[in-house]
Amino acid sequence: MKLIPALMLVAFSGGASASGFQLLEQNASGIANAYAGSAAVADNASTIYFNPAGMTQLQAREVSGGLSAVDPSFSFDNKGSNVGALTGTGDGGNAGGWAFIPNGYLSWALSKDLYIGLGVGGPFGLKTEYNNPWVGAAQSVSFEIKTYNVNPSIAYRVNETVSLGLGVNWQYVDATYKRQAGVAAAALAATPVKLTLDDDAWGWNVGALFTVSPSTKVGLSYRSTIQYHTSGKIQASGPSPAINAGGSSKAKADIEMPDTAILSVTQKLSDKWEMLGDVSWTGWSSIPKVDIYRSSNTGAGTGNGTIAQVLESDFRDTWRVALGANYQYNDAWKLKFGLAYDESPVKGASTRLTSLPDNDRVWFSFGAQWAPDKASRLDLGMSYIYVQDSKINNNQTTGFGAAARGIVTGDYSASIWLFGAQYSMAF
């Protein structure tokens, strides 16, 4: 139990390994299988996140904690961007960087068929940061999203074939967005602008686990959308006190985090080999855009009316398909492999944001599990994630505000390394 408050002190943020700004790293034990079979595996207490019904497959009391390290790389190659009076030049360097994502879970059997559990993690996170100045600084210098999710859950074994699970989620989001002011005037172009927003909200998740045979399990799970009504402030901090006063204000924005659905299968082929499969869907179309409003200082002279900026994301719903395999080398060691294809919610060059230069990706994963006894396991995994090269042609020369943000045109190359360790124990 001492693990839970300690984990809450760590920021759940980073370059997202999954598409959009979703973090699949709600355990590190699934990394080696590219999260194939995530809603059906249920071999440690982290099943609370992926499918709470899986708690019925655990021992009487189990605790699990892990840490994932993500190293994304996003490199921009300018191909004729037009940013007007903004003085910044250059490609911005590597917009990625190391991030660390912890998780913690506790499962407890109240009876043979009734289990309760608690999970702590961060389902969404993102950080991109460019060297400043750079050619796209009026659109983004840095963008960071952190989430914290607390997930109490319950599971009930209906019979030897069917188990059901239910959870509620308290989730907190904290976002920080930095850019240079728009390009309408040279004085404005030298003014950094910082937006900070936060809020907390509630959601829910459900799951079912079917033990079709001693060698076959099928898992179904669903996590609801979460509606945020964030509030915060816009801060301008350039050389002109008048511009700073006119550009600074309180702010607010609404965002609906997407829902997700997972269908998973695990199939033992022999005493040595096991196959895992996963098909998941994410409702990213819940974020067609983000309207950032000024909630104070909206009178004449601000130049922005009541809307400070619109992030035109135009996201689409996505699918992810994963296939994994486990090989039981001996009683203590299991070797794990995985491959996955993950669609991006970004539709194309015109709606690709400098703050989220995302594209379709392929996971190549492997790792191992060490079980020194029946009560403990250590999972180690790593993934190389190939992100398809992408183009950007984001035109923000018109829209809300007198200071436009230019046209950023170019190519992105990206890749991600992912490492993780998970320790699980029954007691």
Quiz item: Under the definition of Cα pairs under 8 Å and six or more residues apart, what whole-number percent is the relative contact order of the chain?
Solution: 20
Self-check item: For 129, 62, 25, 160, order by how many other beta-carbon atoms lie within 10 Å, fewest first
Solution: 160, 129, 62, 25
Exercise. Could you please rank 112, 272, placing first whichever residue has the fewest other Cβ atoms within 10 Å of its Cβ?
Key: 112, 272
Practice problem: Would you mind pulling out the separation of the Cα centroids of region 121-179 and region 41-66, in Å? | Solution: 21
Quiz item: Residues with amide H under 5 Å of residue 360's amide H, sequence separation 5 or more or different chain, H placed in the peptide plane at 1.01 Å from N; which?
Solution: 344, 388
Quiz item: So if we plug the beta-carbon distance of residue 268 and residue 198 into 1/(1 + (r/R0)^6) with R0 = 35 Å, what FRET efficiency do we get, rounded to 0.05?
Solution: 0.15
Quiz item: Where does the chain land at 222 nm, in deg cm²/dmol rounded to the nearest 500, when only DSSP H runs of n ≥ 4 count, each adding -39500 (n - 2.57), divided by all residues?
Solution: -1000 deg cm²/dmol
Self-check item: Candidates 226, 243, 154, ranked by Gaussian network fluctuation over the chain, Cα under 10 Å, top entry
Solution: 243
Quiz item: Over all distinct Cα pairs, what is the inverse of the mean 1/r for region 191-272, reported as the Kirkwood hydrodynamic radius in Å?
Solution: 17.0
Quiz prompt | Ranked 168, 387, criterion: other C-beta atoms within 10 Å, fewest first | solution = 168, 387
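A short reminder: the numbers here are calculations on the coordinates, not readings from a lab. Treat the numbers as computed from the prediction; the structure is a model and nothing was measured. Cβ: placed from backbone, ideal geometry, glycine included. Neighbour counts: every protein chain shown.
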